[in-house]
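Right, one structure below, let's go through it.
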């Protein structure tokens, strides 16, 4: 009797366990959610994100339309509990004002030359722990690009767009003078020689063959910096900077090619409106071209000029980045914004609808720029033959000292100051500025 009762109890327990295990197995196998991409993979170490309001301060221009397209709408689709607010710098909303008011942003949109400013406010920190907890693969990005915002100690920001550099040109000017259009694979020397052929006067109109902008544009093309980031001392009195000054002087010394102000980027009116500039080697102006009246400018583009010792490299990495601030109390939620923005899906959207060049290595995403409406029928494939050149690490003093470069080049080119003297005095001005502002 007792033995039969015990046998019954054992069988009952085994049956219950079998039913429980079967139920557990059914729940697991029945989950229908697809495997997520790197951009949205939850991990065992990730925390559940509660309803969260995040503020994003932008140091670089971004339209309301692009912010909605690339930030707000993708986040609503993946993390509807996270609400985003964009803060633009203005009177009362500069980063210093926000910190003082106790409303320091959770995220900052910046660029690799501009993030140095935020070290001053102790907002920069290593994102490696957040990357690990979210299985974020930095190898998806071009190494030249991530190197500008990382070092052996950590990763301080994540790139979401790389500045595209191209040789834009006015086809009508070349047609007028019967000169062949710029081609892919041209060096700076080739470009200068072509500029001589279309720098002409026709009636009362002076056409200029080449407008590169001021010396700081040449500085980027040559991947050099004003300030050594390690020593925080000026790094301009050297052969590389001498070559930069000489290159710009050679361009602006072409008879008839000197702009009215060698210290400005005044190409917009001359290229877009007056239509007197034949070639414009410049950063990404595709959205500006898209805003021109239809058929108002007969333009195309070619590969950006390169130096013969550095084929297929355009200017130094110039990248827009996003980073979580050190003081944010919502770091996990904030990093989800970075993950989503740099996902394959949003990067494809960014290329096709906003004309931004991706920092990701995937050819299909990089090549998606050809689908941006304004470049249909244009030589965008030629432009994509080049990649960004390695950029130096920039000091927090890099951006504010650039004004001294403009003054120095003007003294050299317009006032005929000796080049060695101009660079030595430039070095002294930058070092004095650094000492006064440390």
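The values are calculated or read from the model by the stated rules, or taken from the named source; none is laboratory data. In this text, all values refer to a predicted model and were calculated from it rather than measured experimentally. Every residue, glycine as well, gets a Cβ built from its backbone with ideal geometry; the counts of neighbours run over all protein chains shown.
Observations on the structure shown:
- Of all residues in segment 291-309, those that are on the phi < 0 side of the Ramachandran plot and loosely packed, with under 13 Cβ neighbours inside 10 Å total 6.
- Evaluating residue 219 against the criteria (1) surrounded by fewer than 20 Cβ atoms within 10 Å (Cβ to Cβ); (2) closer than 28 Å to residue 382 by Cα leaves one unmet condition, (1).
- A count restricted to segment 290-310 and to residues that are touching a residue at least 40 places away in the same chain (Cβ under 8 Å) and more than 19 Å from the chain's Cα centre (by Cα) stands at 12.
- Just one of (1) crowded, with 20+ Cβ neighbours inside 10 Å; (2) closer than 20 Å to residue 315 by Cβ fails for residue 384. It is (1).
- Restricting attention to segment 106-122, the residues that are crowded, with 22+ Cβ neighbours inside 10 Å and over 16 Å from residue 159 (Cβ atoms) add up to 1.
- Odd one out for residue 223 among (1) outside any helix (DSSP H, G or I); (2) touching a residue at least 60 places away in the same chain (Cβ under 8 Å); (3) touching a helix residue (DSSP H, G or I) at 6+ places or on another chain (Cβ under 6 Å): (3)
- Positions within segment 56-94 being part of a helix (DSSP H, G or I) and in contact with a helix residue (DSSP H, G or I) (Cβ under 7 Å, 6 or more places away or on another chain), in sequence order: 66, 69, 70, 71, 74, 75, 78
- Any hit, segment 388-402, residues being free of Cβ contacts under 8 Å to residues at least 40 places away in the same chain and farther than 29 Å from residue 305 by Cα: no
- Residue tally, condition out of contact with any helix residue (DSSP H, G or I) (no Cβ under 7 Å at 6 or more places or on another chain) and at pLDDT below 85, over segment 248-264: 3
- Residue within segment 203-212 that is modelled with pLDDT of 95 or more, farther than 18 Å from residue 166 by Cα, in a loop (DSSP other than H, G, I, E, B) and assigned by TED's automatic domain parsing to the domain that holds residue 428 present: yes
- Filter result (in a loop (DSSP other than H, G, I, E, B) and either surrounded by fewer than 18 Cβ atoms within 10 Å (Cβ to Cβ) or touching a strand residue (DSSP E or B) at 6+ places or on another chain (Cβ under 6 Å) (or both)) within segment 95-105: 101, 102, 103, 105
The rows are residues; the columns are (1) under 13 Å from residue 159 (Cα atoms); (2) at pLDDT 95 or above; (3) in contact with a helix residue (DSSP H, G or I) (Cβ under 9 Å, 6 or more places away or on another chain).
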{"site": "311", "(1), (2), (3)": "no, no, no"}
{"site": "316", "(1), (2), (3)": "no, no, yes"}
{"site": "324", "(1), (2), (3)": "yes, yes, yes"}
{"site": "349", "(1), (2), (3)": "no, yes, yes"}
{"site": "363", "(1), (2), (3)": "no, no, no"}
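- Within segment 136-158, restricting attention to residues that are out of contact with any strand residue (DSSP E or B) (no Cβ under 7 Å at 6 or more places or on another chain) and in a helix (DSSP H, G or I), the residue that is surrounded by the fewest Cβ atoms within 10 Å (Cβ to Cβ) is 139.
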